[in-house]
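Below is the structure I would like to discuss, written out as structure tokens.
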Amino acid sequence: MKLLKIEDLAIGFKEASFKNIKGEVFPGTITALMGINGVGKSCLLKTLGHLIPAQRGSLQLAGKDFSQYSALEFSKMVSLVLTEKFQVDFLRVDELVSLGRSPYTNWWGDLDSSDQQIVSQTMQQVGILDLKDKFFSELSDGQKQKVLIARALAQNPQLLILDEPTTYLDIPSKIELLKLLRKIADQNKVAIIMSTHDLELVKSHVDQVWLMGSDGQFETGSPESIESAGLFQKYFYFN
Amino acid sequence: MNAKNLLLGFIVIFFVGFLLLYGESGLSLNAALINELRLPKVIVCLLAGGMLAIAGLLMQVFFQNPLAGPDILGVSSGSSLFVAFWMMASVGFSPAISDWGMSVMSFLGALSVFLILIFFLHKNMSRVSLIIVGLLISSFAASGISMLVSLSETLQLKNYLMWSMGSFRNVTSPELPRFVLLCLLAILPVLFFIKALNQFLLSENYALSMGVNVKKTRILFVSFAAFQISIVTLFCGPIGFIGIIAPHLARQFLKRSQLNLLLPATFMIGAILALVAESVLVLAPSSSISVNAVLGLIGAPVIVLYLYRQREWSA
């Protein structure tokens, strides 16, 4: 069954800056969102994450319109890994990951035993269990990215949205991250949408590509079909 | 948890509190003296210091800025300016109206500075620029106040100057219950949004994605911080530095950022700072040192040290 269905969507911060977006996302798949800088990838991801309103069009999550969800219900369905940097001293990794449980906890934010179990399972799955007592500010970029992914997973989402998760990583870490995302998609049956510029990784690791063309065209398809239609060529290589 | 640190905090508070209660001019145990003068002072130090510290912490989380504080962002000054204006303007009003007006003005002053800061925050002003705006608001308020002072009659001037020095001794024992009640009203509700504060630790967008009603929470943060700062300013005059340094010291002390732990620790350290500053005045009773002078001597180096340790901190 479709998890996310987008029809005739127009996005933008103040006015519609990119129109006619449509697409579908299924559980357990990875979708790569591509496009040159400034075309509106972050804006689309923020719209899908319900951080900013859609300018027009319909967005359905698990058969229900976005507007039918309360903020809390939505947070139990969709979680995010954003590009924005934040500076918090002395925030431990396990505390940061635990924040992902906050939609489920009581007024004081207490973790019950099942919350704690989910937090440690998530840290194990992402491979950061050995970092749990470290401070977030001490970690490398790759480790930080994993911690943020663990936080998002602890939220127990059906849709995980990541804004440029591979950008600051070296090549081995990029590959490791995509393998991790594949594992998450398979094991948790989570649908993943991520924006990225890494063409080669996209070709080998994702199920579906959404391409926001610099000419305002929105193209969707498998990496192979996008490749054979010459669309990567059209939008990413210049003669 | 850090039960040991907590205990240590309590011991320090008891010790300094005891010193203030009984230590002044020898070990005088005159009960009336203690009840009438010293006990109110100790209670005011505890509550005002702790509350300013919490206001600072709320602001640091809200503005995502470790340098935010009631004084550095100009909130205390805004409150002072409005109070000064009312002190000069309310001549001839009945005492009741004049009193009420002063409370309202103190709150409005703090709130209006917050509104200015939020406006700039929403225009994506950088954290460093926002602090400069805060400092400019302070100097604007100081200029405004000095204009008012030069226009005023002698009696108000004297009242105002006394008040503007800042002191934990301004609250008299009949006023004490009202002060304590207001403090409790301003502090206790904060416990109910500790969870939201934690969710705000990363960023507003992350808070939003975890189901927080960001608009409502923002209004709560800001009104409570303004309420807290205005109570202290109203009763004690402008008090500097506690709001900005207490959260830092608490973080250093606990090595944690989770608000469930940090908030009580910050309160405690704010209270200790106020008590320590006040006891310095007690130890040098002949001169007329103001509590702000002592806090400045402690506070400024602490901030500089913090900045030095955070060299890679970016705007």
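Can you give the helix-only mean residue ellipticity at 222 nm for chain B, where every DSSP H stretch with n ≥ 4 adds -39500 (n - 2.57) and the sum goes over all residues, rounded to the nearest 500 deg cm²/dmol?
-24500 deg cm²/dmol
Let me ask something else about it. Whole-Hz ³J(HN,Hα) for each residue in region B:184-190, computed from phi via Karplus 6.51 cos²θ - 1.76 cosθ + 1.60 with θ = phi - 60°, x for glycine and proline: what do you get?
4, 4, 8, 9, 4, x, 4
Any idea how far the Cα center of region B:191-218 sits from the one of region B:114-154, in Å?
27 Å
Oh, and also: Taking GluC sites (Glu not before Pro) as exposed when DSSP calls them loop (any state but H, G, I, E, B) and at most 12 other Cβ atoms lie within 10 Å, what is the longest stretch of chain A free of them, the sites themselves excluded?
It runs A:85-239.
Could you tell me the largest-minus-smallest coordinate of the C-alpha atoms of region B:228-286 on each of the three principal axes, in descending order and whole angstroms?
Its Cα atoms span 42, 26, 14 Å along the three principal axes.
Right, next: Could you work out the Rg to Rh ratio of region A:38-172, with Rh taken as the Kirkwood radius (inverse of the mean 1/r over all Cα pairs)?
Result for region A:38-172 is an Rg/Rh of 0.98.
Could you tell me what a quarter of the Cα convex hull surface of the protein assembly as shown works out to, in nm² with one decimal place?
29.5 nm²
If you keep only loop residues by DSSP, which chymotrypsin sites (Phe, Trp or Tyr not before Pro) in region A:200-239 have at most 13 other Cβ atoms within 10 Å of their Cβ?
A:237, A:238
Same structure, new question: Summarise the partner chain shielding of B:257-269 as one whole number: the mean count of Cβ atoms from other chains within 10 Å of each residue's Cβ.
Mean partner-chain Cβ count within 10 Å for B:257-269: 2.
Ok, one more. Taking just the alpha-carbon atoms of region A:102-234, what radius of gyration and Dmax come out, in angstrom?
Over region A:102-234's Cα set, Rg and Dmax evaluate to 17.1, 54 Å.
How big is the gap, in Å, between the Cα center of region B:158-177 and the Cα center of region A:42-59?
A separation of 53 Å, based on Cα centres.
Next question, about the same structure. What lysines sit close enough to residue B:41 to cross-link, taking a C-alpha to C-alpha distance under 29 Å and skipping anything fewer than 8 places away on the same chain?
B:4, B:158
Also, quick follow-up: I'd like the distance between the alpha-carbon centres of region A:2-37 and region A:135-152, rounded to an integer number of Å.
27 Å
Another question about this same structure. Once amide H atoms are placed 1.01 Å from N in the peptide plane, what residues at a sequence separation of 5 or more from residue A:162, or on another chain, have their amide H within under 5 Å of its amide H?
Amide H neighbours of residue A:162: A:81, A:193, A:194, A:195.
Go ahead and set up a Gaussian network model of chain A, Cα springs under 10 Å, then flag whichever of A:60, A:87, A:208 fluctuates most.
Largest GNM mean-square fluctuation: A:87.
Using only alpha-carbon positions, what ratio does the radius of gyration of chain A give when scaled by 2.2 N^0.38 Å?
1.01
Across chain B, where is the longest run that never hits trypsin sites (Lys or Arg not before Pro) in a DSSP loop with at most 15 other C-beta atoms within 10 Å?
On the way: sites that count: B:123, B:169, B:255, B:311.
Here the longest run is B:1-122.
Here's a follow-up. Mind listing P(r) for region B:3-309? All alpha-carbon pairs, 10 Å bins, whole percents.
Answer for region B:3-309: a P(r) of 6, 28, 36, 23, 7, 1 percent.
Given that compact globular proteins tend to follow 2.2 N^0.38 Å, what is the ratio of the alpha-carbon Rg of region B:67-210 to that value?
So region B:67-210 has a normalised radius of gyration of 1.23.
Laboratory data are not the source of any read-out in this text; all were calculated from the coordinates shown. Just so it is clear, the model here is predicted, and its values are computed rather than measured. When we count neighbours, we look across all protein chains shown, and the Cβ atoms used for this are built from the backbone with ideal geometry, even at glycine.
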